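See below for the structure under consideration.
Since every read-out is calculated from the coordinates, none of them should be taken as a lab result. Here the structure is a predicted model, which means the values were calculated and not measured. For neighbour counting, all protein chains shown are included, and Cβ atoms are generated from backbone atoms with ideal geometry for every residue, glycine included.
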Amino acid sequence: MKPNSPGASRHQIQNHFFTTPTEELVQRGFATCQQTMGKSVLLRGLIEFTNHCNCNCLYCGIRRGNQAIRRYRLAEEEILELVARGRELQLSTFVLQGGEDPEWHTDRICRLVERIKAFTGPAAAVTLSCGNRTPAEYRSMASAGADRYLIRFETSDPELYARLHHGQSLAERLDAVRAVQAAGLQTGSGFMTGLPGQTVETELNNILLSKELELDMVGVGPFIPHPQTPLASSRQQGLEATIRATALLRLALPQAHLPATTSAGSLAADGREQMIAAGANVLMPNITTKDFRKDYALYPGKICLDETDIEGAVQGLVPTLATLGKKLSFARGDAPIWSSSNQQI
Ligand code: SAH
């Protein structure tokens, strides 16, 4: 496969989705990943900087309506300390994820990004993930030095989207994804598998929409019902849909960065390893202050809550990765198109 391969067509993805057995899909996803991304599994240090949220998404544990959780908000100095600690561990991407917290308005986020970048220089990339903002706000974030933005479309079914997000529309969310792209940020989106009300066709369309959007990064994980949400009594689906989606995304978007997600690891002990075996190439160790990690409870059973020694936790993954024919990489891991355009500058 050529390094800039366009990947499998819609038609091919559709055929694989309905007819190819999981084991074969996994093998194909892994082989494609080895060809396009090599053996490296990239690391991104995840900082969950606030769990205050104005949104009331039915599936999410930090939704506004959940009054049973302790709310927290990290201070700028604390975030900078986490970045400094991450740099000591050689991490070169920091992902700042949070709820839609009015106190963390875009200007404040931009000042923070400037301070992080002043500290790291171009050696580290900053990824933001803080929900729907205006096109001008995404441009400000890019001007402040942010490199990437994560904003999942969650589900490709417009009716289901509106039901889950209190009248907000899928069209608005997709406009936000496109605005992120237009602002010049490397763009990640993605979806949950096994959402209640999501049909097999929607699960396929999630993959096709990811391809259509030409995403640089696609995050996928299983929906896990949270007891303090309106979806508490929904059925927990297995991990297979996530594993199949990972392999299909790798075939559809050979050069996209695909994280082995914490939600997959929370549903099954080897969930992240299974995703890597199917074509994922990114791990996101959680470097949030330990005390607050449990409060960023999007779903129950979240892993890595007790790790104080992030370095040990990261290095602990090495033997498993080796058995999968993979090795850890501390590179920035930009989307390929960005790395090649940067080289030309
Ligand atoms: N406020 C940001 C970040 C959202 S939290 C934003 O709007 O983009 C990050 C992701 O966690 C969400 O995009 C969603 O896909 C996932 N998530 C939330 N609740 C979940 C649940 N119950 N099970 C699995 N994943 C969940």
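For the chain, which cysteines have no disulfide-compatible partner, meaning no other cysteine Cβ under 4.7 Å?
By the Cβ distance rule, which asks for a partner under 4.7 Å, the isolated cysteines are C33, C53, C55, C110, C130, C304.
Can you work out the Karplus-derived ³J(HN,Hα) for every residue in segment 318-326? Use 6.51 cos²θ - 1.76 cosθ + 1.60 with θ = phi - 60°, whole Hz, and x for glycine or proline.
Each residue of segment 318-326 in turn: 4, x, 5, 4, 4, 5, 8, x, 10 Hz.
For T19 paired with E78, estimate the spin-label separation in nm (one decimal), with each label point 7 Å from Cα along the Cα-to-Cβ line.
Label at T19, label at E78, 5.5 nm between them.
Ranking request for peptides 49-59, 140-150, 233-243: highest mean number of other beta-carbon atoms within 10 Å first, then the rest in descending order.
Values: 49-59: 19.8, 140-150: 21.6, 233-243: 16.8.
Listed from highest to lowest mean packing, they are 140-150, 49-59, 233-243.
Which ³J(HN,Hα) values in Hz, rounded to whole numbers, follow from the phi angles of segment 159-168 under the Karplus curve 6.51 cos²θ - 1.76 cosθ + 1.60, where θ = phi - 60° and Gly and Pro get x?
5, 5, 4, 5, 5, 6, 10, 6, x, 5
Whole-Hz Karplus ³J(HN,Hα) for segment 139-151, in order, using 6.51 cos²θ - 1.76 cosθ + 1.60 and θ = phi - 60°, x for Gly and Pro?
Karplus values, whole Hz, x for Gly and Pro: 5, 4, 4, 5, 5, 6, x, 5, 9, 9, 9, 10, 8.
Checking the a/c ratio against 1.5 first, then a/b against b/c, what shape does the Cα gyration tensor give for segment 203-345? Walk me through the numbers before you get to the answer.
Details: a/c = 1.70, a/b = 1.19, b/c = 1.42.
It is oblate, given that a/c is not under 1.5 and a/b is not larger than b/c.
Taking amide hydrogens as modeled 1.01 Å from N in the peptide plane, which residues meet the under 5 Å criterion relative to L328, leaving out close sequence neighbours?
V41
Kindly provide the pair-distance distribution of the chain built from C-alpha pairs, with 20 Å bins from 0 and whole-percent values in order of increasing distance.
The percentages, shortest bin first, are 32, 63, 5.
Among 315-328, 204-217, 106-119, 81-94, how do they line up by average Cβ neighbours within 10 Å per residue, starting with the highest? Before the final figure, lay out the partial values.
Numbers: 315-328: 13.9, 204-217: 20.6, 106-119: 16.7, 81-94: 18.4.
Most protected by this proxy first, the peptides run 204-217, 81-94, 106-119, 315-328.
Please list, ordered by chain and number, the residues whose modelled amide H lies under 5 Å from the amide H of T193; skip anything fewer than 5 residues away on the same chain.
For T193, whose amide H was placed from the backbone, the distant partners under 5 Å are G221, F223.
Enumerate the lysines that K117 could reach by cross-link, defined here as Cα to Cα under 29 Å, with residues fewer than 8 away along the same chain left out.
K39, K290, K294, K327
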